[in-house]
Amino acid sequence: MAIASAAAAAIETIPIGVRLKTDVEYRPDRPSPYRARVRWWDPETKSRKSLSTAKESEDEAQEWLTGLIEAAEAGINPSLATMPLADYGTANMQLALRGLELKTRDPYLSGWKLRVVPALGHLPVRMITNGAVDRTVQNWIADEHGRSTVKNSLAVLVRVMEQAVRDGIIKINPARVTGWQKLYKQAEDELLNPRALALPDWQALIQLADALVAASYGEYRGWGNVVVFAACTAARIGEVSGCRVGDIDTTNWIWTVRRQTTPAPGGLVDKGTKGKRARQVPIIEEIRPLVAQRVLAAGPDPDARLFTGPRGGRISTAVLRDATHWDNVVSKLGYEHLRRHDLRHTGLTWFADAGVPVHVLRKIAGHGSLTTTQRYLHPDVRQITAAGAALTAHLSVLRAPRSLPSPIVVAR
């Protein structure tokens with residue numbers, strides 16, 4: 001309750017016409033060298049307020065200032081105009097959900113805490129665009145959430161953003177994604193052919209990893225290690241983040257996947273794998289030096305994480321995306337479709353093309369259904385498999401016991 005009260009206190013208007021003082025400072029030694037700052041006099045508290053942000057270009061800095069000036073001219077407090085979605089939703093959820101039955105509120109609130117906040121909660125309300133919502137919905141679908149789950153998560157986002165429209169923070173509700181069911185169908189079709197989402201070869205993977213490292217702050221090599229390890233083990237990013245030193249067998253070079261790191265209310269948490277059971281994955285020769293180096297750097301503690309962020313924090317798909325400017329990098333490389341989860345598709349496709357039997361591939365992937373695993377097989381392989389099944393069916397008929405002829409009765 002205290003959190004909601006604190007956030008609500010920031011939702012104030014300011015007298016229309018209050019002037020903001022703005023400036024942009026260039027700091028060449030910073031990764032985002034243009035600092036935009038706005039200052040104003042708050043007549044309610046009789047104090048001077050200020051906000052600032054760092055941008056990569058002067059145009060971005062000026063655009064941020066222009067948005068705050070427009071908000072102030074409409075009587076919106078700049079603090080409210082820059083408030084993250086998570087805080088704004090906490091302060092306004094009761095208004096956003098008014099009129100709903102209790103049985104509807106629960107799944108909406110669950111969607112907000114488990115999916116909306118982890119995906120978009122860090123963004124200011126004014127910075128949430130149709131494109132950001134589109135990508136978020138696509139990621140939910142790629143993570144194999146059901147239609148009702150996606151629907152409830154999107155519905156609560158629509159309601160919160162509608163409240164932002166009423167508050168004058170934004171003019172149009174960006175969460176009103178038209179035809180999202182078609183997006184769902186499109187994503188389902190893509191998942192029916194996951195091979196189309198895979199990187200073509202080892203060189204493409206290394207090129208991607210190097211480009212992501214180069215785009216990150218401080219060129220942190222760990223981001224590239226995560227990408228290469230995920231692709232070569234056909235693992236989810238959350239599973240890579242949950243990997244501990246004790247899970248790695250450097251004698252037989254096998255990784256026992258026991259847990260994954262996932263977003264939850266209050267931050268990232270570790271829980272069991274998606275299939276609720278451990279599985280073993282081979283560590284191929286190409287990445288053994290990388291893994292050995294990470295084991296050595298992590299130290300002797302078997303519970304130490306094999307992969308962490310530059311400050312030792314846990315990794316999620318959103319953290320990897322933001323830290324490496326993923327969307328910009330993959331677009332420049334010509335892989336506009338590529339998402340973090342497609343690293344798993346890459347690994348499974350490569351394993352299938354290497355001739356790994358489908359029943360073994362299923363164990364590596366941790367799939368509950370053999371049908372899911374078979375989608376990674378090359379069409380020619382599937383045809384050969386079907387031919388073998390046809391022969392088995394034919395031989396089954398030949399081996400079937402035949403009825404014995406009636407005995408001959410000899411008259412005496």
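Of all the listed residues (THR346, THR385), the sole one being in a helix (DSSP H, G or I), more than 28 Å from LEU268 (Cβ to Cβ) and of a type in the set (S, T, N, Q) is THR385.
All told, ASP249 meets the bar of being free of Cβ contacts under 8 Å to residues at least 12 places away in the same chain and open to solvent by 10 Å² or more (accessible area, probe 1.4 Å).
What residue, among those in the range 175-188 that are open to solvent by 70 Å² or more (accessible area, probe 1.4 Å) and modelled with pLDDT under 80, is nearest to GLY89 (Cα to Cα)? Step through it out loud before you land on a result.
The initial filter retains those residues of the range 175-188 that are open to solvent by 70 Å² or more (accessible area, probe 1.4 Å), namely 176, 178, 181-182, 185-186.
Okay, now just the ones that are also modelled with pLDDT under 80, so 178, 181-182, 185-186.
Working: THR178: 22, GLN181: 25, LYS182: 28, LYS185: 29, GLN186: 30 Å.
The qualifying residue nearest to GLY89 (Cα to Cα) is THR178.
So which residues in the range 300-333 are closer than 15 Å to ASP270 by Cβ, hydrophobic (A, V, I, L, M, F, W, C) and modelled with pLDDT under 95? Selection gives ILE315, VAL319. Pull up the range 211-244, narrow it to residues that are farther than 28 Å from LEU361 by Cα and in contact (Cβ under 8 Å) with a residue 12 or more places away in the chain, then point me to the one that is most open to solvent (accessible area, probe 1.4 Å). The residue in question is TYR217.
Determine whether the range 15-28 contains at least one residue that is in a loop (DSSP other than H, G, I, E, B), open to solvent by 80 Å² or more (accessible area, probe 1.4 Å), of a type in the set (D, E, K, R) and modelled with pLDDT of 75 or more.
First, the residues of the range 15-28 that are in a loop (DSSP other than H, G, I, E, B): 15-20, 27-28.
Within this subset, residues satisfying the condition of being open to solvent by 80 Å² or more (accessible area, probe 1.4 Å) are 16, 19, 28.
Narrowing further to those that are of a type in the set (D, E, K, R): 19.
If we keep only those that are modelled with pLDDT of 75 or more as well, we get none.
No, that holds for no residue.
If the condition is being farther than 15 Å from LEU123 by Cα and of a type in the set (Ser, Thr, Tyr), then the range 66-103 contributes only THR66. The set of residues in the range 79-109 that are out of contact with any strand residue (DSSP E or B) (no Cβ under 8 Å at 6 or more places or on another chain), crowded, with 16+ Cβ neighbours inside 10 Å and polar (S, T, N, Q) comprises THR90, ASN92. Selection of the range 243-254 for residues being in a strand (DSSP E or B) and closer than 28 Å to LEU114 by Cα yields only ARG244.
Being in contact with a helix residue (DSSP H, G or I) (Cβ under 6 Å, 6 or more places away or on another chain) and under 17 Å from ALA91 (Cα atoms) is the filter; apply it to the range 143-173 and report the residue that is most open to solvent (accessible area, probe 1.4 Å). Checked the range 143-173; the qualifying residue most open to solvent (accessible area, probe 1.4 Å) is ARG159. Among the residues of the range 362-382, those identified as outside any loop (DSSP other than H, G, I, E, B), within 24 Å of the chain's Cα centre (by Cα) and without any contact (Cβ under 8 Å) to a residue 40 or more places away in the chain are ARG362, THR372, THR373. If you go through the range 349-385 and keep only what is of a type in the set (Lys, Arg), out of contact with any Leu (no Cβ under 9 Å at 6 or more places or on another chain) and either under 24 Å from LYS276 (Cα atoms) or buried (at least 21 other Cβ atoms within 10 Å of the Cβ) (or both), you end up with just LYS363.
Here the condition is being assigned to a helix (DSSP H, G or I) and closer than 19 Å to LEU348 by Cα; of LEU212, LEU199, LEU205, it holds for LEU205 alone.
If I filter the range 296-311 down to residues being out of contact with any strand residue (DSSP E or B) (no Cβ under 8 Å at 6 or more places or on another chain) and among the small types (Gly, Ala, Ser), which single residue comes out as surrounded by the fewest Cβ atoms within 10 Å (Cβ to Cβ)?
Residues of the range 296-311 out of contact with any strand residue (DSSP E or B) (no Cβ under 8 Å at 6 or more places or on another chain): 296-297, 299-301, 307-311.
Checking which are among the small types (Gly, Ala, Ser) leaves us with 297, 299, 309.
Values: ALA297: 12, GLY299: 9, GLY309: 18.
Here the residue is GLY299.
The values are calculated or read from the model by the stated rules, or taken from the named source; none is laboratory data. Computed from a predicted structure; not experimentally measured. Counting neighbours? That spans all protein chains shown, and the Cβs are built from the backbone with ideal geometry, glycine included. The area values use the complete protein model at the heavy-atom level, side chains included, leaving out ligands, DNA and RNA. Shrake-Rupley method; radii C 1.70, N 1.55, O 1.52, S 1.80 Å.
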